[in-house]
1. Ignore the peptide's own chain and count Cβ atoms of other chains within 10 Å of each Cβ in A:142-149; give me the average, rounded.
2. Averaged over peptide B:61-72, how many Cβ atoms belonging to another chain are found within 10 Å of each residue's Cβ?
3. Kindly express, to the nearest 10 degrees and within the range 0 to 90, the angle between helix A:37-49's C-alpha long axis and the longest C-alpha principal axis of chain A.
4. List the residues of the range B:157-194 that lose 30 Å² or more of accessible area once all protein chains are present, compared with their chain alone (1.4 Å probe, heavy atoms only, no ligands or nucleic acids).
5. How high is the relative contact order of chain A, in percent, counting Cα pairs under 8 Å that sit 6 or more residues apart?
6. Roughly how many whole Å is it from the C-alpha centroid of the range A:84-157 to that of the range B:80-121?
7. Could you give the Stokes-Einstein D for the range A:1-147 in µm² per second, using the C-alpha Kirkwood radius, 25 °C, 0.890 mPa s?
8. With every protein chain left in place, what is the accessible area per residue of the protein assembly as shown in square angstrom, probe 1.4 Å?
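The values are calculated or read from the model by the stated rules, or taken from the named source; none is laboratory data. Fair warning: this is a prediction, and the values are worked out from it, not measured in the lab. Ideal geometry is used to build each Cβ from the backbone, glycine not excepted, and the neighbour counts take in all protein chains shown. Note: accessible area is taken over every heavy atom of the protein model, side chains too, but ligands, DNA and RNA are not part of it. Shrake-Rupley method; radii C 1.70, N 1.55, O 1.52, S 1.80 Å.
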Protein chains: 2
Amino acid sequence: MDNVMGANEELAAKNKAAFKEADVVAVNVMGSPGSGKTTILENALGPLSEKYKLGVIEGDLFTTRDAERIEAVGAEVYQINTGGSCHLNAAMVNEAVKEFPIDDYDVLFIENVGNLVCPASFDLGETLRVTVFSVSEGADKAVKYPKMFRRAHAVIINKVDLLDHTDVDLDEVRKDLREITPKASIFEVSATTGEGLEDWIDWLQEQLVKLQ
Amino acid sequence: MDNVMGANEELAAKNKAAFKEADVVAVNVMGSPGSGKTTILENALGPLSEKYKLGVIEGDLFTTRDAERIEAVGAEVYQINTGGSCHLNAAMVNEAVKEFPIDDYDVLFIENVGNLVCPASFDLGETLRVTVFSVSEGADKAVKYPKMFRRAHAVIINKVDLLDHTDVDLDEVRKDLREITPKASIFEVSATTGEGLEDWIDWLQEQLVKLQ
């Protein structure tokens, strides 16, 4: 396992250097199956494309469903099918980057496989990490799956439109997140109603200004 | 990896033999983080305990939160903390079984780590596999994560009380499930309101009669 992780770190460093060279900000978007990663991207691509050139890498076990959704909103997509593997790794992204014109992009979104465990252990060389979880998953996810939250630059709490139909106390969620990932920016959104999406898109634009 | 899987298969066979010897039906409960596995167990334990002696193994990365919830409803629990690993394996269950009086039980529930990918690849020696997913995860989960559904004896579609607040079409979900896992029994439940829980508990009791 140490060899696997060592090889991944090496390729992640190469990816990081390639992203820097291409002057592109790579955003690794992670979260449970059905947490809303694709819907959040669908909604962010429109406003961001007014100012920035965007590319998207879609990681899925087998299907191209998410890639089709992203293409439908007019973005360029590279599909990685992991063939059953539970996470993207740096080698997969390295291959994708060779065939993808990252020099043309300002932002490269990388949507990871839906999984709150494994993707947290595999650095892709990304610039920013965004963890999405939905209130319908319950209040205890950050405490139960801390690694996924600990290294996040931003945590998006999605599906707040469903809050009244759950027993989730957002104060408790915020308190847990503050302990587990004190530096992360936290956004409360509904990708369905659009509530709060502007705040996280603004945050992302601020990061782009800082980083470029 | 082949060695890892081979060693797991060997221990899974040992577990299977031990469950048979102890005349206990082992039920591997799998699904995404927040799909409702623990709540479904909490609700099943009461009715089942009137007729059967029950034990529960709780698999979590680090915490004991789910085990505490199960203990609170009066069941005996053995906690496995995987230390970050994304699934239970047969060796962990083998250790648990040594310290757990399975001879006393009719049913041993094994709640796996919240993950729609990895647990599907690791046989624990279980008698029955139950996959839980919630409508708030979206309609496409069975298609996107087929392995988790293909070998399931039962699929529980949870959180149907939230259906009106999602764009999920249950007919589409049922159709996909029929293609991916034609033999599985499918239940539509709300672990929160109790709707449909009786049907899956009845199904489980039928299986126990058949198997014992």
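1. Going residue by residue through A:142-149 and averaging, the value is 4.
2. Details: counts 7, 5, 5, 0, 3, 2, 0, 0, 1, 0, 0, 0.
Per residue, the number of nearby Cβ atoms from other chains is 2 on average.
3. 70 degrees
4. Those are B:LEU162, B:HIS165, which lose 30 Å² or more relative to the chain on its own.
5. Details: 405 pairs, mean separation 53.7, N = 212.
Answer for chain A is 25 percent.
6. 27 Å
7. Working: Rh = 15.4 Å.
My calculation gives 159 µm²/s for D.
8. Details: 17580 Å² over 424 residues.
Value for the protein assembly as shown: 41 Å² per residue.
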